[in-house]
Amino acid sequence: MTQATARAHSNIALIKYWGKRAGPGNLPAVGSISVTLDTLYTDTRVVFDPALAADRAQLDDAPADTTRLTPFLDLIRQRAGIDTRAAIVSHNNFPTGAGLASSASGFAALTLAATRAAGLDLDRRELSMLARQGSGSAARSIFGGLVEMHRGERDDGSDAYAEPILAPEDWPLDVVVAITDTASKKINSSIGMSNLDQRSDYYDAWVAHSESDLAGMREAIAARDFETLGALSEMSCLKLHGLMLSTRPGLIYWNPATVAAMHAVRDLRDAGTPVYFTIDAGPQVKALCPPSHSAEVARALAAVPGVLDTRRTGLGPAAYLLP
Ligand code: 2P0
């Protein structure tokens, strides 16, 4: 038996990934830029055990489906030259599958733990490419701080990996997560973003403008320009949700509290607080602000009708092994 345990932190894209280009292993149609989050993470233990006849998984103390996990573990087994089945035990310290990027932290933690347990010692770029094949956004959770995922051009995906832009301490930023629903979403991201070229009339425009959004965000980060970072993030989020709404059949991830929280963020901003929102494929609202404003932002969002809870987090580290 060989085993390893890893922790990977969730991430939120500021410039969003949505849509895949042709080819295997979640090749993104657009690049993306994200922040890794300190207080939202997944811990995953992987044990390769010759006594097992099939892979087994447990998530948050309940048996979990291995349909997506076995083909992913096969990639690792193939690379390591082993055939042993694995037992996976995973725990999220936040609601699973509700738009808090549990597949990002989950597949990043699984990638690090399973490669180590299989006897592999891959560099971060290889880990990122492998994690991408589990879930596109997981490629970014291999790294900490501000991270860019490259779309890549090659059919084999060998240039579709993430890289760090800034370490967490290089530019302290906070994210206040307003949780408006803890249920798992009805349409997962992979299904939501499938065949977009046939399902949305807006898809070509989304892809065509992504490079300029990424370039603007890289410049804002280099200049530590929070207002531009925030404005580009809010716009990328709204464009993403415009694309989702335009996708037959229209994908509506928001609930009334999501919309109320978006207005609350804009009201705070109108009153002088530097804060911007972003939202993933789910109903939670994430407010970006300098750390000096996060207590005030959390108080304001907690008071929004329908907001169940708030979580404050700074930027988190790269994925790492636990003892
Ligand atoms: C992102 N999301 O950039 C975007 C914004 C959600 C909204 O990446 O099919 O679970 O596994 O590659 O990574 C969520 O999609 O999808 C996502 P797959 P994933 O964070």
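Quick notes on this one:
- Net length gained if the chain between GLN3 and ASP267 were fully extended (0.36 nm per residue, minus Cα distance): 90.0 nm
- Net lengthening on full extension, ASN255/ARG125 (0.36 nm per residue, minus Cα-Cα): 43.1 nm
- For region 229-281, the square roots a ≥ b ≥ c of the C-alpha gyration tensor eigenvalues yield an a/c of 1.5 or more together with a/b not exceeding b/c, which makes the shape oblate.
- DSSP-defined beta bridges in region 30-184 - what % are antiparallel, rounded to 5: 80 percent
- Theoretical FRET efficiency, 1/(1+(r/R0)^6), r = Cβ-Cβ of THR182 and GLU219, R0 41 Å, to 0.05: 0.65
- Relative contact order for region 174-313, counting Cα pairs under 8 Å that sit 6 or more residues apart, in percent: 42 percent
- Averaged over its residues, region 158-313 has an accessible area of 46 Å² per residue, based on protein heavy atoms and a 1.4 Å probe.
- Computed accessible area, LEU69, all protein chains, 1.4 angstrom probe, square angstrom: 30 Å²
- Considering only beta bridges that DSSP places wholly inside the chain, some 90 percent are antiparallel.
- Partner aspartates and glutamates for LYS239 [C-alpha distance under 12 Å; skip if fewer than 8 residues away on the same chain]: ASP213, ASP280
- Whether region 174-313 is rounded, prolate or oblate, judged on the alpha carbon gyration tensor where a/c under 1.5 counts as rounded: oblate
- Linear extension gain, ALA167 paired with GLU227, 0.36 nm per residue minus alpha-carbon span: 19.6 nm
- Heavy-atom surface analysis with a 1.4 Å probe gives region 2-171 a carbon and sulfur content of 48 percent of its accessible area.
- Per-residue SASA remark: MET217, around 0 Å² accessible (1.4 Å probe; ligands, DNA and RNA not included).
- Candidate lysines for bridging to LYS185, where Cα separation is under 19 Å - those fewer than 8 sequence places away on the same chain excluded: LYS16, LYS286
- Cβ-derived FRET efficiency at R0 51 Å, ALA51 paired with ALA205, nearest 0.05: 0.40
- Packing-based order for 255-264, 128-137, 191-200, using average beta carbon neighbours within 10 Å, highest first: 128-137, 255-264, 191-200
The values are calculated or read from the model by the stated rules, or taken from the named source; none is laboratory data. Predicted model only: the values in this text are computed from it and were never measured. In this analysis, Cβ positions are derived from the backbone assuming ideal geometry, glycine residues included, and neighbour counts consider all displayed protein chains. Accessible surface is based on the protein model in full, side chains and every heavy atom, while ligands, DNA and RNA are left aside. Shrake-Rupley method; radii C 1.70, N 1.55, O 1.52, S 1.80 Å.
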